[in-house]
Amino acid sequence: MADFAAAQWTVALSSPGSEEAGDARLQGVPAKVPGTVASALAAAGLYDPENPHPLHDRDAWYRTEFDAEPGHYRLAFDGLATIAEVWLNGERLLDSRNMFRTCEVEAELSKSNRLEICFRALEPHLNARGPRARWKPQLATSQGLRLIRTTLLGHMPGWCPEIHAVGPYRPIRIEPADAPRITDSHILADLAPDGSATLTVSLKLENAGGTPELSCAGTTAEMTRQEEGRWTAVLRPADVTPWMPHTHGTPALYDVKLKAGERQFSLGKTGFRRLEVDRGADDKGFGLKVNGVSVFCRGGVWTCTDLLYLPGDADSYRPLLEAARDAGMNMLRIGGTMLYETRAFFDICDELGLLIWQDFQFANYDYPVKDEPFVQEVRAEIRDQLAKTQGCPSLAVLCGGSEIYQQGAMMGLPEERWKGPLCEEILPELAGRLRPDVPYVPNAPSGGVLPFSPGEGIAHYYGVGAYLRPLEDARRANVRFAAECLAFSNIPEQRSLDEGLSGVKPGHDPRWKARVPRDRGAGWDFEDVRDHYLKTLYGIDPAALRYGDPDRYLDLGRAVTGELMEQTFAEWRREGSSCQGALVWTFQDLAMGAGWGVIDAAGRPKPAYYALKRAFRPLQVSLTDEGTGGLAIHVINDRPEEKPVTLSLECLRDGQVPVVSGRKDLILNPHSTQSLNAVDLIGAFFDVTYAYRFGPPSHDVTVVRMLDTETGEVLAEAFHFTPVDQPLASSAECVASLRQSGDGIWWLELAADRLLRRVNIRVDPFRPSDNWFHLAPGRTHRIELRPDSHTDGAARPSGTFSALNRPGTIAIN
């Protein structure tokens with residue numbers, strides 16, 4: 001099917017309610033399809049994404065002219081935002097009221113044709129009266145959004161810029177009406193407990209003769225014609241490699257192909273896997289088993305690749321999804337406040353081994369489920385969206401939406417008022433019929449005595465975070481699965497701030513504060529949250545530091561959110577933890593600034609990203625301070641292979657002098673966790689955590705390493721700082737050297753004679769594979785330097801590095 005991407009489009013704005021298509025008085029500007037009104041106006045210099053003006057108060061007319069061989073054609077519109085009319089050669093062809101629908105229509109084309117799409121002003125529809133709501137959330141700007149099937153992006157002040165989604169944001173396609181095609185396909189790739197694979201395919205085949213043959217993984221079978229013209233086949237390929245998330249195995253994929261006569265069709269790729277919900281021994285938890293293996297799901301909540309353009313192509317998705325994979329994430333959640341992504345998104349996640357938690361696009365509101373036209377629109381939307389993911393093994397959870405139950409419960413309503421047919425009947429019926437291989441959960445959060453109780457079911461956990469609880473609350477709350485957690489105002493690297501917020505200093509500059517996330521109506525923002533923990537963890541008054549040394553304030557702010565994330569995930573991933581997964585709010589920012597994302601709006605990792613990369617390692621060692629119980633050492637092997645490792649421990653005085661040490665060899669079983677005590681390595685009592693306080697502390701830091709027993713390679717490293725004043729490393733001798741390997745990759749090697757805290761590498765326009773880490777003495781840390789996409793291939797890295805406990809910078813050249 002051809003698309004209209006190469007066509008010459010214009011878009012023009014008019015007053016609401018114009019009844020005439022093709023009004024010559026409307027002066028348009030060039031536009032791209034797929035695209036948005038905002039992106040077209042911005043390209044013409046008529047719209048400032050930094051200070052967006054409303055777009056819902058006017059109609060927008062898209063127009064193009066094209067030639068065709070006269071005849072009968074099929075036009076498909078993959079996404080029209082939102083109230084849209086399609087006109088062909090002056091005749092009204094189609095109406096759509098849902099930006100999440102795929103619309104098809106057949107029409108006669110002439111030699112010369114004019115296609116117009118009018119996107120009606122949304123404001124009158126937002127102001128229209130609907131069924132009375134039982135609660136009114138403060139999340140978004142209009143209560144009318146519950147009546148219209150459109151994204152909440154652009155309508156949530158404090159969360160993202162108010163850039164309104166208007167236009168043909170998904171492709172428009174055209175083909176002859178008699179072109180052979182496959183429709184209404186259902187693909188189910190299953191893996192039985194004994195490892196046997198089954199592929200079941202059901203579809204309709206139009207305008208193609210002969211008996212179709214289905215093939216996959218070296219197996220072929222003729223399809224059987226059923227009632228209503230459907231074709232079905234069941235394949236049982238032998239010796240397939242199961243699909244697993246990349247942290248726990250290989251995301252193996254197989255092509256699914258169809259041959260009908262002389263014509264070949266691709267049904268995409270699929271992977272064979274089995275998903276099960278693990279509710280724990282008490283039947284109150286939530287977790288996932290993939291092919292019988294318990295998977296600790298970790299990652300973030302996906303927002304959008306670009307709020308201005310709303311792209312859905314593979315080139316836009318891939319850098320971000322690869323960054324998620326590289327950070328050790330194995331799950332991303334598409335929340336109910338965002339929008340559905342395209343098949344290209346799921347194809348890349350299938351390839352990279354990323355699990356996807358998909359919220360249906362409902363959040364917070366009391367939706368009018370007694371209105372039959374609304375319900376019919378919802379049913380069609382879900383059918384369209386789940387049709388796009390047929391056979392995709394990455395789709396792991398389907399969820400009825402975000403914070404609908406929580407919103408009603410927090411308003412003091414009884415359960416029978418906030419738990420209704422949308423999430424309990426309508427959505428699960430469709431999910432079970434169209435993706436029976438994927439678990440369904442009614443809402444996030446849900447499952448406890450109250451839907452937001454973290455100790456049962458699915459939580460949105462902000463105890464450590466917005467609610468300013470101490471770090472030990474991560475254990476006390478008994479979190480079972482956090483579909484959202486750890487929202488902080490994460491500060492980007494200085495290069496991004498210099499480019500996107502030049503001359504803006506932290507604090508109360510309105511340009512800075514406009515980019516700090518906040519909940520609508522709250523008297524605080526998420527910078528206040530970060531500052532609270534800066535004072536709690538580092539004992540520094542953030543206000544005084546911001547006034548006196550804003551650059552150091554930024555650096556400590558960059559470090560503290562990563563510190564919180566590393567410590568919290570160390571708690572949640574340890575043996576014996578009740579938690580089976582946690583997703584950070586959010587993965588990427590939609591505007592430059594200290595937003596929630598761990599990737600900034602320029603696509604660059606923030607310091608918090610590197611902290612998560614360390615916390616999410618499949619082969620991991622982490623530490624928890626158990627007080628008088630000593631220092632607990634937690635080792636994890638998520639991989640499917642047995643792994644011999646050596647644990648080493650050193651307690652250092654002045655970040656340099658060893659005062660006690662120990663080692664222990666272990667064999668880590670596949671997919672295993674275990675916990676030890678520091679005594680197991682040292683062989684005798686030593687007050688590692690300085691809990692007993694018998695005299696002055698003998699050391700200030702403990703370093704634990706996991707080494708590959710065979711090669712001596714450092715696989716993971718963890719640090720525990722004694723609760724005393726930490727010494728400066730003013731006199732630390734540091735060595736930085738650059739080397740280029742035979743394949744052209746640049747490597748930075750760093751070493752120091754005493755411990756450096758939170759080493760910050762700046763080698764623009766290269767990106768380090770690790771950053772904001774602690775550097776212990778006695779080890780050379782080797783970091784890969786990856787060039788930005790626009791970097792000259794002959795460029796040589798140069799820059800500086802610094803550490804929080806060492807004044808000044810050191811050159812890298």
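The values are calculated or read from the model by the stated rules, or taken from the named source; none is laboratory data. Quantities reported herein were computed from a predicted structural model and do not represent experimental measurements. Neighbour counts run over all protein chains shown; Cβ positions are idealised from the backbone, glycine included. With ligands, DNA and RNA removed, areas are computed over all heavy atoms of the protein, side chains included. Shrake-Rupley method; radii C 1.70, N 1.55, O 1.52, S 1.80 Å.
A few notes on this one:
- Gain upon complete extension [ASP371, ARG639; 0.36 nm per residue less C-alpha separation]: 91.5 nm
- C-alpha center-to-center spacing [the range 202-244, the range 175-189] in angstrom: 13
- Of all lysines in the structure, those lying under 17 Å Cα to Cα from LYS505, and not within fewer than 8 positions of it along the same chain, are LYS513.
- Column: log10 I(q)/I(0), Debye, Cα scatterers of the range 175-295, q = 0.12 Å⁻¹: -0.53
- Per-peptide average of other Cβ atoms within 10 Å, ordering 384-397, 799-812 highest first: 384-397, 799-812
- By average C-beta atoms within 10 angstrom, highest first, the peptides 777-788, 634-645: 634-645, 777-788
- Each part gets one Cα centre, and for the range 26-44 versus the range 568-643 those centres are 41 Å apart.
- Chain lengthening between ARG782 and ARG383 when straightened (0.36 nm per residue, less Cα-Cα): 138.7 nm
- Under 11 Å, Cβ to Cβ, from PHE721 - net charge with Lys/Arg +1 and Asp/Glu -1: -3
- Whole-angstrom gap from the range 76-121 to the range 449-511, using each part's C-alpha centre: 42
- Residue-averaged [θ]222 nm for the chain, counting only DSSP H segments that reach four residues, each worth -39500 (n - 2.57): -5000 deg cm²/dmol
- Applying 1/(1 + (r/R0)^6) with R0 = 30 Å to the Cβ-Cβ distance of GLU713 and GLN674 gives a FRET efficiency near 0.90.
- With N counted as the residues of the range 317-401, its alpha-carbon radius of gyration over 2.2 N^0.38 Å works out to 1.20.
- Which labelled figure in (1) 89, 64, 61; (2) 108, 62, 57; (3) 141, 68, 61 is Cα extents along the principal axes in Å, once derived from the coordinates: (1)
- Solvent exposure of the chain amounts to 39 Å² per residue of accessible area, where only protein heavy atoms count and the probe is 1.4 Å.
- Distance histogram for the range 16-156 (every C-alpha pair counted, 10 angstrom bins, percent rounded to whole numbers): 10, 36, 34, 15, 4, 0
- Annotation for the range 214-301: GluC sites (Glu not before Pro) lying in DSSP loop with at most 12 further Cβ atoms inside 10 Å of their Cβ are GLU262.
- Measuring between alpha carbons in the structure, the pairs from LYS643/LYS664; LYS289/LYS419; LYS269/LYS613; LYS269/LYS388 lying more than 18 angstrom apart are LYS289/LYS419; LYS269/LYS613.
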